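Undergrad: Let me give you the structure first, and then I'll get to my questions.
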């Protein structure tokens, strides 16, 4: 297993690009991690709150992300600073640890070779390997959730969950808190633990130690409250038009394509992809009928997490990444349960998983070659570290005061690189009303108004700096 993980790390690193792409979720995660090192947590929260308030609806960011991922990232930032290639190795390490604990979770539920083959499907998936190139919370969420489920197994090693020691149950609650504080759909870990407790309580209602039964959930809520006092964040994010109907729409639409992509079977569609889904569902039903005690927590967590994240009125292939591994597991269990002669069902499942791994392996050399070619021709990924962006950051720092408000199409990246608060909007009126300066990408209206020189003159704006890519407009006279 260790040798396989080292291969995964090498392949993942070969798929990395210098710098970071646009899409500034990473910027807020990085600012939060940086604040844990620098000790200015309150300033980061206040800055992002301001950016959201002046930008107006609809919101493009929570006030602050859960602190689980920033806490994992902070030691790496302390060691490497803003070196993205080194910070991305933190994501590789987190993914390696996820695969390690996922294997430990599976090997007590299936034959050793089948457990390894199932994990190998995940370790060779191009979607997951490429995702280590981004400082985002999906892989940390997968890691924390599988550690919590593994520890739940450990608490039940003597039979029932309430037979574990009090300290073990307290740790279980703290691990559940970390799942919830990495991504909010991690709240599904609570009903997963509760479902196992209800199952284990059968026949012992009158004799059980109820204080011990209450320990994991109590530990969860107490640790959530304590962390909230130290590092506040939105416990219940508010999204427009959210609801259970969105989950169903995604299941019958974009998530089918996302699942196929993550498993590496993009070429399947229609009846063949439906057949794969039926195998997964068959495996889930079979395991809940025959091995309810082993797989109840996994099923409740996977279905609960998928339901919660699906309710958001935003579609992204990232949101399914934590669920797909469990789907592969149940699919493998369905194949292993096929009543073949001489009990060859598990080996048939190993063969099918191995074929999928080989299919993944054929894609990796081409992906590595493409990455090498891109890195040879482009200094950094197209994003805030790109060469063409550096003069714009320098201009903002030179021509604006630290208290000025700067309109920009990726305001969280602006704040990370310039320490300026800002406005992110496509509404020209909001720019006029709220901003002191406007850093505008030329010939683009993507998340920004595009203003010509004639329009700027009509508005009374002043061109304080420009190059071939950018122009920095002074929207109003300096306040200082």
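Undergrad: Hand me the list of helices (runs of 4 or more DSSP H) wholly inside segment 124-189 holding 3 or more residues that are closer than 23 Å to residue 367 by Cβ and touching a residue at least 24 places away in the same chain (Cβ under 8 Å).
TA: Ranges flagged: 126-131, 138-155.
Undergrad: Here are some conditions: (1) farther than 19 Å from residue 19 by Cα; (2) at pLDDT below 95; (3) part of a helix (DSSP H, G or I). Residue 79 meets all but one. Which one does it not meet?
TA: (1)
Undergrad: Assuming residue 54 fulfils every condition listed in (1) in contact with a strand residue (DSSP E or B) (Cβ under 7 Å, 6 or more places away or on another chain); (2) more than 25 Å from residue 228 (Cβ to Cβ); (3) surrounded by 20 or more Cβ atoms within 10 Å (Cβ to Cβ) apart from one, which condition is it?
TA: (3)
Undergrad: Note down all Cβ pairs under 7 Å where the first residue falls in segment 379-408 and is farther than 17 Å from residue 437 by Cβ, the second is not in a loop (DSSP other than H, G, I, E, B), and they're at least six residues apart or on different chains.
TA: The qualifying pairs are 384/413; 384/417; 385/84.
Undergrad: Let me ask you something else. Would you confirm, using the coordinates I've provided, whether residue 65 is farther than 30 Å from residue 354 by Cβ, touching a residue at least 40 places away in the same chain (Cβ under 8 Å) and under 13 Å from the mean Cα position of the chain (by Cα)?
TA: When the stated conditions are applied, residue 65 passes them.
Undergrad: Here is a further query. Take the conditions under 30 Å from residue 437 (Cα atoms) and at pLDDT 95 or above and apply them to residue 12. Does it pass?
TA: So residue 12 does not fit the description; no.
Undergrad: Read through the list (1) in a helix (DSSP H, G or I); (2) touching a residue at least 24 places away in the same chain (Cβ under 8 Å); (3) surrounded by fewer than 24 Cβ atoms within 10 Å (Cβ to Cβ), then give the number of the only condition that residue 214 fails.
TA: Single failed check for residue 214: (2).
Undergrad: Looking at (1) part of a helix (DSSP H, G or I); (2) closer than 15 Å to residue 110 by Cβ, which is the one condition that is false for residue 338?
TA: Every condition holds for residue 338 apart from (1).
Undergrad: From the list 136, 152, which residue is closer than 21 Å to residue 177 by Cα and buried (at least 22 other Cβ atoms within 10 Å of the Cβ)?
TA: Only one candidate passes the filter, namely 152.
Undergrad: Would you mind stating whether residue 19 is on the phi > 0 side of the Ramachandran plot and modelled with pLDDT under 95?
TA: Yes: the conditions hold for residue 19.
To keep it simple, each residue is scored yes or no on (1) assigned to a helix (DSSP H, G or I); (2) surrounded by fewer than 20 Cβ atoms within 10 Å (Cβ to Cβ); (3) under 19 Å from the mean Cα position of the chain (by Cα).
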| site | (1), (2), (3) |
| --- | --- |
| 249 | yes, yes, no |
| 260 | yes, yes, yes |
| 268 | no, yes, no |
| 273 | yes, yes, no |
| 294 | yes, yes, no |
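Undergrad: Out of 110, 91, which single residue is more than 26 Å from residue 314 (Cα to Cα) and in contact (Cβ under 8 Å) with a residue 40 or more places away in the chain?
TA: Sole residue among the options that is more than 26 Å from residue 314 (Cα to Cα) and in contact (Cβ under 8 Å) with a residue 40 or more places away in the chain: 110.
Undergrad: Determine whether residue 11 is in a helix (DSSP H, G or I) and under 21 Å from the mean Cα position of the chain (by Cα).
TA: yes
Undergrad: Now for a separate question. With the condition kept exactly as written, say whether any residue in segment 102-110 is in a helix (DSSP H, G or I) and closer than 27 Å to residue 367 by Cα.
TA: Yes, because at least one residue in segment 102-110 is in a helix (DSSP H, G or I) and closer than 27 Å to residue 367 by Cα.
Undergrad: Right, here's the next one. How many residues, within segment 200-210, are modelled with pLDDT under 85 and surrounded by 10 or more Cβ atoms within 10 Å (Cβ to Cβ)?
TA: 4
Undergrad: If I go through segment 437-470 residue by residue, how many of them are in a strand (DSSP E or B) and either touching a residue at least 40 places away in the same chain (Cβ under 8 Å) or not assigned by TED's automatic domain parsing to the domain that holds residue 406 (or both)?
TA: Adding up the residues that qualify gives 5.
Undergrad: Among the residues of segment 347-363, is there at least one that is modelled with pLDDT under 95, over 26 Å from the mean Cα position of the chain (by Cα) and not in a helix (DSSP H, G or I)?
TA: No, that holds for no residue.
The values are calculated or read from the model by the stated rules, or taken from the named source; none is laboratory data. Small disclaimer: the values here were computed from a predicted structure and weren't measured. Ideal geometry is used to build each Cβ from the backbone, glycine not excepted, and the neighbour counts take in all protein chains shown.
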